[in-house]
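Read the figures in this text as sums done on the coordinates, not as results from a lab. Note that the structure is a prediction, hence the values are computed from the model and not measured. Using ideal geometry, Cβ is built from the backbone for each residue, glycine included, and neighbour counts are taken over all protein chains shown.
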Amino acid sequence: MEGLPMLLLTLTLWGYVIGALAGLLCWQREKLANLLSFGSATLAALGGLGASVVCLVGDATSFSIRWDFLESAVPYLKFSVRLDPLSAFFLLIVSSLGLALSIYSFGYARGFYGRTKVGVLGAFYNALLLATTFVFIADNAFFFLVSWELMAMTAYFLVTFEHEQPEARHAGVLYFIMSHIGTGCIILGFLLLFQASGGYGFIGFHALGERMSAGRRDAAFLLFLAGFGVKAGIVPLHIWLPAAHPVAPSNVSALLSGVIIKSGIYGLTRVYFDFLGTPPLWWGVTLLVVGSVSALLGVLYALMDHDLKRLLAYHSIENIGIILMGLGAALMFQHANHPLLGAMALIAGLYHTINHALFKGLLFLGAGAVQHAAHTRNMEELGGLIKRMPRTAFFFLIGAVAISALPPLNGFVSEWLTYQSLLQGFGATGSLTRLIFPISGALLALTGALAAACFVKAFGITFLAQPRSVQAERAHEASPTMLAGMALLAVACVFLGLFPNQFLPLFDPLTDQLLGVQISRQLAAPGGIVLSSLGLEAGTVSTLGITLTAVCLLPIPLALWIFFGRAAARQTGMTWACGQKTLTPQMQYTATGFSKPLRIIFKALFRPHRAVQAEFEFSPYFARTIRFESHIEETFEARIYRPLQRFILRTSRRMRALQAGSLQAYLIYIFVTLLLLLILTL
C-alpha cells in the first residue's frame, strides 16, 4: 500500500512539470499548447486525488521522499516531502479542484486565442499547482518557504496575465507587496522554531511549543497569524484579495480562492495544532474573534459590490472567517481539555475548507462563463441569462445555494457543525470567555442570512428578468468542457451535502494526528443517514432525510392540481407595466437598489457617497437625463493603508539625507551599528 501513494504522488509532480514545459515549448501553437498543458494538469490532478484518498483511507498514513543532493554543501538545505494525514487532506483539495479547473480550461482558454499566449497561461497554471502541492507536502521549513515563494510568484504572473489592463497591474503589485510582508512574518516565526529545535525539519517541530518559553510561543503565534493571515485574506490583511481575484483569468480566480488562500489555513493548522503544543486561552479567543469579524465584514462588503467576481472575492473573506471560527473554537477546547469537542470544531473548520473550495470554485467558473459570453462582470449590465445560458445558470444556482448554507448541500453541513461547536462551547468552558461562543454563533447566523440575501441578488440580477445590455442579449452558453468542469464541482457539492457520514471517516487520521482522538463514528448517528453532534441529545440533522421528505411531498401539489386546478379557467395577459406599453429593463431591480436598505443600515461602516445630476427640458419637473453615482468607502484601505502609505513615503523622503554619497558617512553608519549591536549583546 505504501508504494502506491508514492507512485501516484510522483506521477502528479511530474505531470505538472510536463504540463508547464509543454505550455512553454508550444507557446506559438495555441491549440496544441492548450491540449498538452491542461491535459497534463488533468492527469496530474487525478494522480494527486488518488494519492490523497489512498493515504487517508489506507493503512499507510505517511511516507517521505527525499532529495539530499545539497545536504553536504549546505547543512540545512534539504528538499524533502512527506504525506501525512493533514498534507493528504489539503492535497485532496488542490487535486479535486485542479481536476475540475483543468477540464474547464480546455474550453475557457479558447477565448484567449489570438489575444494572448495560451501556452504561457498553461505553463504558469501548472507551475502554480506544482508549487501549491509542494507547499502542502513540504517536510521542512526551508523547502516550505521555497515552495511558498514559488507559489506567490507564479500567482503574481497569473494575476497580471492580462497586463494590458491597468487594474491587473495594480492588483499584481498589491498582491506582491502583501504576499511578501506575510512571507517575512512566516520566516521570523520559523526562526523562532529553529532556535528552539536546532533544525528546520517538521518532525523536530512537532509539539515544540512545550519546550519554548511563553513569550516566544506567543510571538510565534502572532507572527504566523499575520503571515498566513495575509495569504488567507483575514481582516484587516485582506485588501489584496478583492483586487486580485477579479482581474485574473477565471480559472485562476477559482484556483486563488479555492486553493491558494487555503494554504494560509493549512499553515495555521499545521503550526497551531502540530507545532506549538497546548495553546493558552487567548490564542483561541483571538482566532475566534478574527474569524467572526472577517465573516461579517466580508459578507457586508460583498453585498455592496456589483462586480460579479469581486463579490465572490469578498465572500472568500467571509468563508475564511467561518473556517477560522472552527479553528479558534478547537484551540479553546484544546486549552480546556475537551479533545472531543476540539475534534468536532476542527472537523467543522476543515470540512468548510473543502466545501468552500468546491462551491466557490463552481461560482467562479460560472462567473467566468458569464464574462466569457457577455464580456462584462458588471451585474448592472447583465440580466436574462437564464434563457441564454440555462446550464450555467443551473450550476451557478447550486453554488449559490451551497454557499448560502441552505440544506441539503455541503455548505449547510459544515456550518451546522460549526454552530454545534459554538453552542456546546458555552457549557464546556468557564469564566466570562464562554460568552464569546453565543456571540460568535449569533454573528455566524447573521452572516448566513446576509450571504443568502447576497446570492439572491447575485443570481437574480445576473440571470433573471430582461437583458440590460447588448452584450447580455448576445450571450451564449458555455462550451461542453466548461460545463463539464462546473458539473464535476456541482456533483461534489451535492455529494458532500447528502452523504456527510461517508466523508467524515477521512477526518479520523487527521484528528488522530493533531488531537489524538477519532470521532467520525460519534458524529454519525445509528442508521448512517443522520449527522449528530457528539450524541443524539446534543442535536441531529439529516440532509438526505430532508431531501427524501421533500421528494415524497412533491406528489401532493401535483395531485391537487390534477383534481382541482386542471379544469379551472385560465386567462393569459400582459404583465402590468406601470401604465407603460411593455416592460423594459429600466423597470427591473438593479443591484444598487437591491442592496440600498443594507447600505443605509450599515452606513456608519460603508460611509456611502452619492451624486445626482439631472438635465431638464423646460421645467424642473420634467428631467431629460438623470445621472446617478454611488460608491462606498473601503474603510480599511482609507483609514489604515493609505495613511500608512503616506507615512512611509514621508519617512522615506526624510531619510534621503542619509544617502549622502560620502564614504566616510557610510563608515560612520557601520561603526555606530556595530557599536549598538555590541551594547545590546552585553
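Overview of values
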quantity: Förster radius 22 Å - calculated FRET efficiency between Val612 and Thr584 (Cβ-Cβ, nearest 0.05); calculated: 0.55
quantity: Neighbourhood charge, 14 Å Cβ-Cβ cut-off, centred on Leu340 and excluding it, Lys, Arg +1 and Asp, Glu -1; calculated: -1
quantity: Given Lys31/Lys262; Lys262/Lys360; Lys231/Lys360; Lys309/Lys387, the pairs whose alpha carbons are separated by over 23 Å; calculated: Lys31/Lys262
quantity: Interchain or long-range residues, amide H under 5 Å from Asn140's placed H; calculated: Ser80, Phe202
quantity: Phe495-Ala442 FRET efficiency (beta carbon distance; Förster radius 30 Å; 0.05 resolution); calculated: 0.45
quantity: From phi via Karplus (6.51, -1.76, 1.60), per-residue ³J(HN,Hα) for the range 360-373 in Hz, x at Gly/Pro; calculated: 6, x, 4, 5, 5, 5, x, 5, x, 5, 5, 5, 4, 8
quantity: Net charge of Cβ neighbours under 10 Å - reference Ser87; Lys, Arg +1; Asp, Glu -1; calculated: 0
quantity: Length released on extending from Ala550 to Ala219, taking residue separation times 0.36 nm less the Cα-Cα span; calculated: 113.9 nm
quantity: Overall dimensions of the chain as given by Cα atoms, namely Rg and Dmax in Å; calculated: 26.7, 102
quantity: Estimated FRET transfer efficiency (Tyr669, Phe636; beta-carbon r; R0 30 Å; 0.05); calculated: 0.25
quantity: Using alpha-carbon coordinates, inclination of helix 214-232 to the longest axis of the chain, degrees; calculated: 40 degrees
quantity: Label-point gap, in nm, between Gln645 and Glu167 - each point 7 angstrom along Cα→Cβ; calculated: 1.6 nm
quantity: Full-stretch length increase - Arg653, Ala567 - with 0.36 nm per residue and alpha-carbon distance subtracted; calculated: 22.6 nm
quantity: DSSP-loop chymotrypsin sites (Phe, Trp or Tyr not before Pro) across the range 598-660, with at most 12 other Cβ within 10 angstrom; calculated: Phe618, Tyr621, Phe622
quantity: Given charges at Cβ of Lys, Arg, Asp, Glu: the range 635-681 dipole, positive-most of Ile668, Ala657, Leu644; calculated: Leu644
quantity: Whole-angstrom Cα spans of the range 635-681 along principal axes, big to small; calculated: 44, 30, 8
quantity: Ranked packing of 296-306, 395-405, most packed first, by mean Cβ within 10 Å; calculated: 395-405, 296-306
quantity: Gain upon complete extension [Leu77, Arg211; 0.36 nm per residue less C-alpha separation]; calculated: 45.8 nm
quantity: Within-13-Å neighbourhood charge of Thr160 [Cβ basis; K, R +1; D, E -1]; calculated: -2
